[in-house]
1. What's log10 of I(q)/I(0) for the range A:130-351 at q = 0.07, 0.10, 0.12, 0.15 Å⁻¹, Debye sum over Cα points only, no solvent?
2. Taking the Cα centre of the range A:3-112 as the origin, how large is its charge dipole in debye, to the nearest 20, when only Lys and Arg (+1) and Asp and Glu (-1) carry charge on their Cβ atoms?
3. May I ask you to derive the FRET efficiency for B:A550 and B:R493 from their Cβ-Cβ distance with R0 = 51 Å, giving the value to the nearest 0.05?
4. Could you state the per residue volume, in Å³, of the convex hull enclosing the Cα atoms of the range A:3-112?
5. How far apart, in nm, are two points set 7 Å out from the Cα along the Cα-to-Cβ line at A:F157 and at B:A295?
6. Quick one: go through the range A:179-206 and flag any residue whose amide nitrogen is under 18 Å from the point 7 Å out along the Cα-to-Cβ line of B:T500.
7. Give B:K103/B:K211; A:K32/A:K52; B:K103/B:K123 a once-over and call out the pairs whose C-alpha atoms are over 31 Å from each other.
8. Work out how much length A:V339 to A:S287 would gain on full extension: take 0.36 nm times their residue separation and subtract the Cα-Cα distance, in nm to one decimal.
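Please treat every number below as a calculation from the coordinates, not as lab data. The structure presented is a predicted model; accordingly, all values stated were derived computationally and were not measured. Heads up, the Cβs are rebuilt from the backbone with ideal geometry, glycines too, and the neighbour counts pull from every protein chain shown.
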Amino acid sequence: MESGAGLEEATRWVEELSSRAAGAASGAELAKLREAVGDRGSPLSALYRSMKVMDPALRPEFGRRLQELRLRLDQALEAASAAISAREREATFGAERDDLGAYLCRSRYEGVGSLHLITMTRMELEDIFISLGYAVAEGPEVESEWNNFEALNIPKFHPARASQDSFFLDFGEEESTLLRTHTSPIEIRLMQAQKPPIYAVAPGRVYRRDTPDARHTPAFHQIEALVVDRGISFSNLKATIESFTSAYFGPSIKARLRPAYFPFTEPSAEFEITCTICSGTGCRTCSGTGWIELGGAGMVHPKVFEAVGIDHRVYSGFAFGFGIDRLAQMRAGLPDMRVLPENDLRILAQFRGRR
Amino acid sequence: MRITLQWLQEFADLSSLGFGGDPVGSAGDRRVAALVDALNQLGMVVEGVEIAPASLDGVVVAEVVEISEIEGADRIRLTGVDDGEGRLRPVVCGAWNFQVGDKVPLARPGSTLPNGREIGSRKLRGMVSEGMLCSPVEVGVSPESGGLLILDSSAPVGEELASYLGIATDVVLDLAIEANRPDANCVMGVARDLAAWLRAPFSEPESPPVKLVEPSRPFAVDAAACDRLVTAEFGGVEGATFPLRLVRRLQLCGMRSISPVVDASNYVMLEIGQPTHAYDLDRLAAGAIAVRSAAPGERITTLDGTERTLGPEDICIAGGDGAPIGIAGVMGGSDTEITAGTTRMLLEVAHFDRGRIARTSKRLGLRSEASARFERGVDPSIAEQAIARFAQLTGLEPQVACVHASTYPLPEPILVKSEQVVAAIGHDDPQALLSMLEPSGPLEAIGLSCEPTDGGFTVTPPLYRPDITGPHDVIEEVARHFGYARVTSRMLRGPGAGLTPSQRFERQLRELLGGMGFHETWPATLVAPAEQADAGTTSGWVTLSDPISALESTLRVTVLSGLLRALRHNISRRMPAVNLFEIGPVFSGAGGSGGLPREVRRLAVLVAADGGNGLRAIGSVLADLRDFSRCPVLELAEAGSIDGSWWPSLHPTRSQALLDSSGSVVGMAGELLGSQVTGTASPGAELGSLPRYGYLEIDLGYLDSGGEPGRIAPPSVYTSSDLDFSFVVPAGVGVCELHSAVREALGLVCQDLFVFDRYTPESSGESYVGLRARLESPEGVIDDAITRELIESVAAAAARLGSRLRRG
Ligand SMILES: [Zn+2]
């Protein structure tokens, strides 16, 4: 039967086309095959046309067979097309493959910078005093002999001058200007400029003519708190030192005061805190005492008030101060302070992210 | 200052601390800890505690009965000693300073000496030696060896040496005494304070009193230099003695034993605080001394053999002939010092002007135990006590003791109001505070006489507390003896000012620069002159009078001079990617005020440029800083056209000065010279594989002058458009100038304007600059008509600068 032979040929053609589609390497090759399917001369088209002249009784069955062939062909082409897209996708993204790890493994000297360890420590200390209601005061590093010594009740030949061996400058009268040896002249300036009440903290860089060692550099940093108001007493000083200590070091670290001597305060005290290394049980850092000395404190001496023109019968005040560098050193576990002036990037890069 | 526990106990009853029973075994002894705590709470800080064990168990007094040679040995001999056990004990000995009949210390086998040496029986050259005969060093009474310790012939054979000498295990305390505690520079003063704190009895050991007489011929004393002079003459000095147990005590306190007379003088000073000076009376002209100011240029050779020149500020001791023989209170002269041959001596016990002793000792760089005490303050009334103690210790009898001067003033009474005490200390139990001042209270115990008066006390300090001159000094003593630890804590808060806008700005600026990849540096403010020159400053800096090193001898005029050190350090460590910033001061000798040099705070930024252009790298940083700080528009000027003495000088064609609106220089930005990077002399130094570096230094105050930002403007809802302009710009017209002229011409619709293209042909004075404007209006779309108008006004603005807008 003619139509039977036509179907067999069309079946072979569909199979051949399907296998060529499966082997197609590109979308363009597949498009050519699709053209061949749509071509009027294709065996399938010819059979469709032949249906018009066929016995109507045979048509449904023949039409169903043709439809099946058509479906097989479309599915084969569709599958081939999907395979080609997948290959193309693979090619595109495969070429862009990358590894996040490669970007994490960069040189430690690249990337964000850092604030200096001293800056971070200073800001943290300032913030504690700000939270206690204090302002932050500043002053110049070069000072007059009067602001640095005389006004602080340290006259010439006073033994306290010898203990603060100074860098005097070849400027003005002999020994009239120097690099400040402590942050106290900031307080002198503050008391001259502002009427009480004064609640301020004065951080800054100071200089002493000492031979550098693991814990000392000739330039270093101090912070000093000053309160001048009516009715300020030693008990206020004590409480302030205690609350500063627990705010900065945590509630397990205690502060204590013991008598000391400073020309600019009276009564004067040295203040100590629980050793942060051994928590008070005694170790080498604290020479077995469980305490480490942090700084000096006391009630502002009437002679200092006289020097700055504040009436000590009306006002009283206290001051206390300590070194910033030592706190920074303790906190960061820096073994030797003498590396800091070198500004070595291997050190500076380690300051990143310290808070 | 080193003192010992037993010495303290001679003055103060320490039984309330538990002392008096078992001897102290270790530095961790509970009683020692309590003593240390008490001293610390009094402000006499204990810096060290050492146990000094007597360690003389098994060391006894022995008599040398026979001495015989050992065959074949010429350094050692065999002795037979009697140690009270009824037989001759053979002991081999290497010393030669003894003879038969001498009493010497014998360490029996099984004993351990203070230096840790264990003594046993041993065989030497075939002889059995049962123990060892000891030197002063070996039994711990002196640092000097010189053969055996020869004991007094009355020493009882067989007695334990420790009990014979009166030596027991002691504790040495190293105290830090503050400058306002002259009384505490001696054992007696420490003990007095401690006893008052413990509310325990205090007593001074008694010495046979010395009779003082009016001198038949008073020595000349300048009252302004010396307000007390007492002298005592002693004969038979060669027979002076000094107890061995006290030699050990001096040694524990860090004093070398010299001779009985010197040892006794030192002992008196450590014990009661009074320095004394001994002269050989036979070498003293006319047997007299005088106290006067030195003449200008007067010379003297001091005990240490150094010739020193004196001036009228110095107090000098002169001999009877007027020639200088000593620097008062500081150091004696070599001509009149006592020697081994001295038989007659004059002991000088004086009270000199504190300030003058301090100045002399500072000027001469001569600080002695005596000068340290004189400059802090010695009790002028204890001269006779010092002589009596000296006589007692040496066994010498003063032949005559005279007061030549006694003009010292008595302390002034101080009126202290009770309310003042309470207000200053603030303890919440005022009565407890005031009880310190009551009769037989602690202040009385430390010598302050406290008379109750209306509403307070009249307090008269003792002569040994010259530091107490006003009510605050008394209040400090009240607080000290009340106990700082007992004072109530009263919390206090300030009014809460917070940071100033400038302080906030500075913090944010630091955070910004850190975020931009820069590390903040430790400012090198002290630099070498060569570093100043490298940064472009050749003069005008301030120099330190007495620098530690030439490398840190001047105050930097530019931040760069200090930063170059950091740059070169990191390059030398093979880390050339140096990105640093710093906020810190610079100083100049000119232009300061208030008698001080000029001091200005600046920001500096150093950036390693990826490409070959440091100016481009730093320009981008400056643009960020400008936007961040909102500082007013900067004018740029050729670096060569300004007075640069106060600023770094950089690459001549890749640097520009930054000017504020008034034309003052506020900064400098550009590329570092090769020579600045490498530190070599040639300005065009080869950088090799090093990058170029951009650098910026700018006044912090200028950066901070931008004020608060305005309100945030909402963006336009209408479509924006870009408009590109291309200009031909003549030499001498800066891009910034063109930019601001164009921006002004475009007016409010210009939302953004930036350089998108720039080209400078070689051998041409002109350059080509492309600017792209983003145009946007809140009122509507920018149409062609508006655009044409804008182009015309831009062209006109450019023309006014001598620049030409290219069209087409
Ligand atoms: Zn510790």
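1. So the normalised log intensities are -0.23, -0.47, -0.69, -1.07.
2. Working: 17 positive and 18 negative charges, 56 e Å.
Rounded to the nearest 20 debye, it is 260 debye.
3. Details: r = 50 Å, r/R0 = 0.97.
Working from the Cβ atoms, E equals 0.55.
4. 129 Å³
5. Taking the simple label geometry, A:F157 and B:A295 are separated by 2.3 nm.
6. A:183-205, by backbone N distance to the label point.
7. Working: B:K103/B:K211 37 Å; A:K32/A:K52 28 Å; B:K103/B:K123 24 Å.
In this structure, B:K103/B:K211 lie more than 31 Å apart at Cα.
8. Working: separation 52, 0.36 × 52 = 18.72 nm, distance 2.51 nm.
Residue separation times 0.36 nm, minus the Cα-Cα distance, leaves 16.2 nm.
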